[in-house]
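This report refers to the structure that appears directly beneath it.
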Amino acid sequence: MAGTKYWVWLSELKGLSTRVKLQLLEHFGTPENIYYADAEEYLHVEGMTQKLAAQLSDKNTASADRILGDCERLGLRILTMQDADYPVRLRNIYEPPCLLYVKGRLPEIDEEAAVAMVGTRDATPYGIETAETMAYSLAKQGALIVSGAAYGIDSASHRGALRAGARTVAVLGCGLDVVYPAGNEQLYRDIAASGALVTEYPPGTPAVGMHFPVRNRIISGLCLATVVVEAPERSGALITARTALEQGRDVFAIPGPINAPKSRGCNRLIADGAAALAADSRDILWEYEASYPHKVHCGQVELPRTLGYQARQEETIAKEAEREERAKLPALDIREGKTSLTDDQVRILRRLKDGEMQVDDLIEAVDLPTRRVLSALTVLEIEGCVAQSGGKRFSLNVELIEE
């Protein structure tokens, strides 16, 4: 742990680029040697200036100690470039991260046929369905899906891999204790439970726009190939594709309709010869079957009926059926002069129009004393106006007439 502290100290030094930090490591061998070096020694490093050397004179390790404490508290692992299980594939890219924070179990990346899947956050139903089904098929045939856990194509790709019963890896542009986007909290848990969440940013680091293009080099760097599923002409996914090409990785793109704005980036990559066309998972994996025979097995994959957009259509149909069922509920007139209900009972019924509520939340929402709310609910339940489900949750059992 003592040696790790110096890795964290080096990674958190402000004003020094990743390139300078890597040059320092090449010159001194370890972060600990960098920490204890004299100011004059720093100037022997290629690209070092007096200003940068001054940054290295900051020997305060309080921030590193705090980060180490946070990692221990949160159950995070720190993987440094000196560790044997730091992926060689990633170490060999231009400007690899000095260290990675890991939550979950990071697979042995160098033994995996890892495929990055990227695309727009503002995905169309076509993009969502395609990402989920492609990720599902790739994972079923032995690929490891890597993406960025953002909304849209990223989330759909992770979901597809998880539906296949496979591990998946998410590379974040924030600390591992920061859920971004907030709606993906459950997805974060599912990814960490089967695979890993990875970042070069310490706990507590917020999701800042400039972090995401930087983290893209890690997404592509961990993988043999990058697949762009759906991307407009200006998209972060295209940055990842360019980075992958610079790293000597394969790039594939899934075509879309020629008049679809969200597919123009993919179509352009294919037209320019920068990406191979991928219409099926086998278009991608046949490239790696011979190199990873213990992992990859190309073949026909039977897709679950509920993958992708079809699942959302079914969910919409189910919700519509629920609305129709509610329309069949008996009507209850709560207009003034038309009802014998108390003001408390009417107030509760109106609040439950927005949906089922737990009793404590309902008490807070209607802003009435607890005993009055419980008394009113008891009467309403006896009269059949409300129904109680598990966890003391109440919902309307009537259709209200208010006008």
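The values are calculated or read from the model by the stated rules, or taken from the named source; none is laboratory data. Because the structure is a prediction, the values reported are computed rather than measured. Cβ sites come from the backbone with ideal geometry, for glycine too, and all protein chains shown count toward neighbours. The area values use the complete protein model at the heavy-atom level, side chains included, leaving out ligands, DNA and RNA. Shrake-Rupley method; radii C 1.70, N 1.55, O 1.52, S 1.80 Å.
Here are the numbers for the structure shown:
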{"item": "Identity of the residue in segment 116-134, part of a helix (DSSP H, G or I) and under 19 Å from Gly265 (Cβ atoms), that ends up most open to solvent (accessible area, probe 1.4 Å)", "result": "Tyr126"}
{"item": "Selection count, segment 335-355, where residues are under 38 Å from the mean Cα position of the chain (by Cα) and assigned to a loop (DSSP other than H, G, I, E, B)", "result": "3"}
{"item": "In segment 226-255, the residues that are in contact with a Lys or Arg (Cβ under 7 Å, 6 or more places away or on another chain) and either surrounded by fewer than 24 Cβ atoms within 10 Å (Cβ to Cβ) or assigned to a helix (DSSP H, G or I) (or both)", "result": "Pro232, Glu233, Thr243"}
{"item": "Among (1) at pLDDT below 95; (2) over 18 Å from Asp122 (Cβ atoms), the one test that Leu277 misses", "result": "(1)"}
{"item": "Boolean, Glu32 is touching a residue at least 12 places away in the same chain (Cβ under 8 Å), open to solvent by 70 Å² or more (accessible area, probe 1.4 Å) and under 19 Å from Tyr86 (Cα atoms)", "result": "yes"}
{"item": "Some residue of segment 100-120 being modelled with pLDDT under 95 and within 22 Å of Phe212 (Cβ to Cβ)", "result": "yes"}
{"item": "Residue within segment 68-83 that is in a helix (DSSP H, G or I), of a type outside the set (A, V, I, L, M) and within 20 Å of Gly173 (Cβ to Cβ) present", "result": "yes"}
{"item": "Sole exception among (1) within 16 Å of the chain's Cα centre (by Cα); (2) not in a helix (DSSP H, G or I) for Ile93, by number", "result": "(1)"}
{"item": "Filter result for Glu185 (more than 15 Å from the chain's Cα centre (by Cα), acidic (Asp, Glu) and part of a helix (DSSP H, G or I))", "result": "no"}
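Yes/no matrix, rows are residues, columns are (1) of a type in the set (Ser, Thr, Tyr); (2) open to solvent by less than 30 Å² (accessible area, probe 1.4 Å):
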| residue | (1), (2) |
| --- | --- |
| Glu12 | no, no |
| Leu16 | no, yes |
| Lys21 | no, yes |
| Tyr36 | yes, no |
| Ala39 | no, no |
| His44 | no, no |
| Ala53 | no, yes |
